[in-house]
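A short write-up of the structure that comes next.
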Amino acid sequence: MAEVEYSKGLEGVVAGESVICQIDGQNGKLFYRGYNIDDLVKKSTYEETVYLLLFEQLPTAAELAEFTGNFRSGRHIVTPIQDMIRNFPPGGDPMELLQSVMSYLSGYVEHKIKHSATCNCRQTLHQVAQLATVIAAYQRFKEGKPYVVPRQDLSHGANFLYMLRGEEPLPYEAAIMDKCLVLHAEHGFNTSTFTARVVASSLSTCYSSISAAIGALRGPLHGGANEQVMDMLKEIGAVDNVDSWLDKTLAEKKKIMGMGHREYKVKDPRSYVMEGFLRELSEKKGDSRYLSILTKLEKSFRSRMDEKGKPLYPNVDYFSGSVYALLGIPQYLFSPIFALARCAGWLAHILEQRKDNRLFRPECLYTGPQPREYTALEKR
Ligand code: COA
């Protein structure tokens, strides 16, 4: 075998080309198809961002109206899927439910998977449109409440909160939820997106690719850090405990959740936006318990890490859990919400993979035994 370079976890390996997302880790900037995430959060909506990711450019007013109509009419989930959610074992993980539903949905469409141009996923938009409904239905059934039929006059964020609560959210809550989805819609060749592309490279369906991506996102090293930040906040309890808690935790060589990022060498641009949402929600709801602890913890952590010459900054997960908590969303739905937002990015990558496909098939460095004689059973 020719000499090949080995990089554990593919760190530093360029595994593909993409025109979807640019991460400038040195300057803390993030762009979807060339548009700065700050502009998209301020000026766009989740639905327009989905269009941008899937169709490679911002829509005209007519294109957006047609797309939005299509997208919103695809939100409803059919009775067999509602039943599947209702019958999901109470102790089961909602991310695994999402994986199963995604595979099941595949049975409802005709697949044209040869090339992105012929893929009907762009038209049906089931995966992106229906994950929100699945998550809301899961929560409703868990609380013994009935399914809420999605509304077609609400944005994706507003409709999600409406389906969860059974009543319309306040306009500022709806806007924050929708912008959180924009912020999480895409992030380059992360583990789940790479998984989606690997599955797509065998010319499997979008549904199988996304189901696998959800599985990858489920792990605590990828999605789920914001849930751990909430556990950390509960453990700290009050702002006066921050310094003693931090000293003890660092002395035990434990990591502070929501801090640090492989790509960003400065503060994650998404964390600035999330922090703003947390400030707004804390003020409007008159509840600053999360904000006060997180602000003090960031200051103390950063000064300790600066002293050690190891600057570390908040990532998107540092503030996002508290934002969701103040929107009344239970902690176990944080990762599913990440999936519902990121589904747009996964689909964009699947379509891009198909445009110029080559099957992913890396090599591995064999370190096992050399060829040896088979020992008969009675002689072992
Ligand atoms: N708290 C304390 N120390 C941290 C830290 C954190 N959150 N993140 C990194 N460090 C330290 C490491 O202990 C390591 O120190 P060392 O050089 O003395 O061994 C150094 O910084 C480099 O860390 P490393 O884990 O190698 O960096 P990475 O680039 O591989 O990891 C993360 C990036 C995100 C995995 C890591 O920062 C982390 O685990 N953060 C917490 C979990 C999290 O928030 N994940 C969500 C990411 S969006």
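Among VAL323, VAL266, VAL128, VAL41, the ranking by other beta carbons within 10 Å of each residue's beta carbon, starting with the fewest, stands as VAL266, VAL41, VAL323, VAL128.
Peptides 351-359, 335-343 ordered by packing proxy, namely the average of other Cβ atoms within 10 Å per residue, highest first: 335-343, 351-359. For the chain, the residue among ASN27, ALA376, MET232 whose Cα projects farthest onto the positive side of the dipole built from Cβ charges is ALA376.
Only the Cβ atoms of Lys and Arg (+1) and of Asp and Glu (-1) were treated as charged; on that basis the dipole of the range 279-380 about its Cα centre amounts to roughly 120 debye. Taking the Cα centre of each part, how many Å lie between the range 160-194 and the range 8-30? So the separation of the two Cα centres works out to 24 Å.
Computed about its Cα centre, the charge dipole of the chain is approximately 460 debye, with only Lys, Arg, Asp and Glu carrying charge at their Cβ.
Would you list the membrane-span-like helices of the chain, meaning whole DSSP H runs whose alpha-carbon atoms span at least 30 Å along their axis and whose mean Kyte-Doolittle value is at least -0.5? Can you show the working numbers first?
On the way: long enough: 334-355 (32 Å, 0.40).
Answer set is 334-355.
Rank the residues THR195, THR60 as a footprinting-exposure proxy: fewest other Cβ atoms within 10 Å of their Cβ go first. Could you put the intermediate results ahead of the total?
Details: THR195 22, THR60 9.
Ascending Cβ contact count within 10 Å gives the list THR60, THR195.
In the chain, a dipole from Cβ-located charges (positive for Lys and Arg, negative for Asp and Glu) runs towards its positive end, and of LEU217, SER303, ALA348 it is LEU217 whose Cα lies farthest in that direction.
Expressed as a fraction of 2.2 N^0.38 Å, the C-alpha radius of gyration for the range 225-326 is 1.01.
Placing unit charges on the Cβ atoms of the charged side chains and taking the dipole of the chain about its Cα centre, the candidate lying farthest along the positive direction among GLY286, ALA136, GLY9 is GLY9.
Rounded to the nearest 500, the 222 nm mean residue ellipticity of the chain from helices alone is -17000 deg cm²/dmol, with -39,500 (n - 2.57) taken per DSSP H run of at least 4 residues. About its Cα centre, the range 225-326 has a charge dipole of approximately 260 debye under the convention of +1 per Lys or Arg Cβ and -1 per Asp or Glu Cβ, with nothing else charged.
Each reported figure results from applying straightforward, stated rules to the coordinates on display, with no laboratory input. The structure presented is a predicted model; accordingly, all values stated were derived computationally and were not measured. Ideal geometry is used to build each Cβ from the backbone, glycine not excepted, and the neighbour counts take in all protein chains shown.
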